[in-house]
Structures are given as C-alpha cells and as structure tokens.
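What follows draws every value from the coordinates through simple rules; no lab data is involved. Everything numeric in this text was worked out from a predicted model, so none of it was measured. FYI the Cβ positions are ideal-geometry reconstructions off the backbone, even for glycines, and counts take in every protein chain you see.
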Amino acid sequence: MNPHAPVTALVCRDLGFGYGRTRVLDGFSAEFGPGLTLIRGFSGCGKSTLLKLVAGYLRPDAGHIVLPGGFAPTDPVVARARLGFVFQQLNLLPLASLRRNLALVGALAGLAAPEVARRTEKYLSLLGLEAYADRRPDTLSGGQQQRAAIARALLKEPSVLLLDEPTSGLDDLNCRVIMKLLRDHLPARCVCLIATHDARLNTLPHESLDFNRFLPVEGHLVALA
C-alpha cells in the first residue's frame, strides 16, 4: 500500500479486530478513494464491522484508520460534520418529522439554517419524499424510511458515506431510486463504502472488494446449502 496516500483517501492500515475469540480482521489494509466501493460478502464476513470501525463506533485492536483530510474516526467534530452513515438499524428519531430529522443533522454539522433548508428540499426531492416531509418515520413504509435515512446521511454532504445493506429487503423500484441517487448525486470527492450481498447493486460501484476472503463462510453452511 502507498504510504503517502492522498488526503482524499480513506486509509486502513494493518487493522485487527475480534469479538471475543473470533477474529474478524487481522492485518487488514486498504485504501478507498473518492467514489463508490462495494464491499461484497456473506453474512458474518466482517463487512458491517469494518463500517463500524470506520465510523468510530468500534475501536480496532491493532492498526489504525485515517479519514480523508488526515482525521481520525474518533474525532467527534469530524463525525458530526464529515461522516454520514446508514446502518441496518435506521435510527430515525421517531417523534420528529422527516424534515426535522434532517434539520437536526444539519445543525449538528454546523450548517446555516438556509443551507439546511436547501439541502433538505434537494435530498427529499431526489428520493421522492417531498410529500412525506412533515410525517413521522413510523407512518412511512420500510422503503420510505430507508430512503429518509439515506437523505439524512447525505444532508451534510459528507467526505465519507457508509451504507450497510442499504437495499436489503427493498423492492426493485426502491432499489433503483437509491442506486440512481448514489450514481448521479454523490457529493464531490466523497468516499462511499457500501456493504451488501444484494446482487442488484453489481453494476453500481466504481470499485469492488470481496470481503469473504477475510473471514470465510462457515464450512458447515456450505455443506447444508
């Protein structure tokens, strides 16, 4: 790996991490440049763990991660302003409208109110959610909630966007809307990591990484399949 990676790259160096005795990552190194990178793999191969490490939700046992610009994932200011994420638990605020969910993210990122309003309308429109802007998440379908979570993550136009199974369980139409947004409207110089086993996303990435080789699928499952 290039030791002088550009400041636009997200760099993982010699990462190690495990849950108890189960090692998930051991000496993992990679550079992720701006654009879309699809992280493929079976359940349990470490895709979600990598995203949580990059987001600073988990800390590696060994090695380190450098975000674009030379920042660390554990820097709380960077997390609020430069990092967007959608994990499988969407974590939309249940008592707030979609518009309010997005506005709170913008305020925490330090954006001025007019810019928050402009971006809110932009991403709600791109994801077909304008008519639902003043509704609470629990009144929406699963696909609408998923699109709302992606809109919220994009509102700060982050330098790093992490999506964990963003189309899992969604119908083809919702999937196509999300794919079009990511393909055509990713913020400039954004590093986007998408963890998935959804084959519909195969045409989407600029780069692809097979994560099965880091923690191979359990042999007994292969025998049962």
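Descriptive notes on the structure:
- A straight line joining the Cα centroids of the range 147-170 and the range 175-215 runs 11 Å.
- Net charge, Arg176 excluded, C-beta distance under 14 Å - Lys, Arg +1, Asp, Glu -1: 0
- Dividing the summed helix terms, -39500 (n - 2.57) for each DSSP H run of n ≥ 4, by the number of residues in the chain produces a 222 nm estimate of -10000 deg cm²/dmol to the nearest 500.
- Rg(Cα) / (2.2 N^0.38 Å) computed for the range 145-204, rounded to two decimals: 1.04
- Electrostatic bookkeeping for Thr167 treats Lys and Arg as +1 and Asp and Glu as -1; over the other residues with beta carbon under 10 Å from its beta carbon, the sum is -2.
- When the alpha-carbon atoms of the range 23-139 are used, the pair Rg, Dmax equals 16.8, 47 angstrom.
- Extent along the principal axes, Cα only, for the range 20-62: 34, 22, 19 Å, with the longest axis given first.
- Taking each residue as 0.36 nm, the span from Leu173 to Glu130 lengthens on full extension beyond its C-alpha to C-alpha distance by 13.8 nm.
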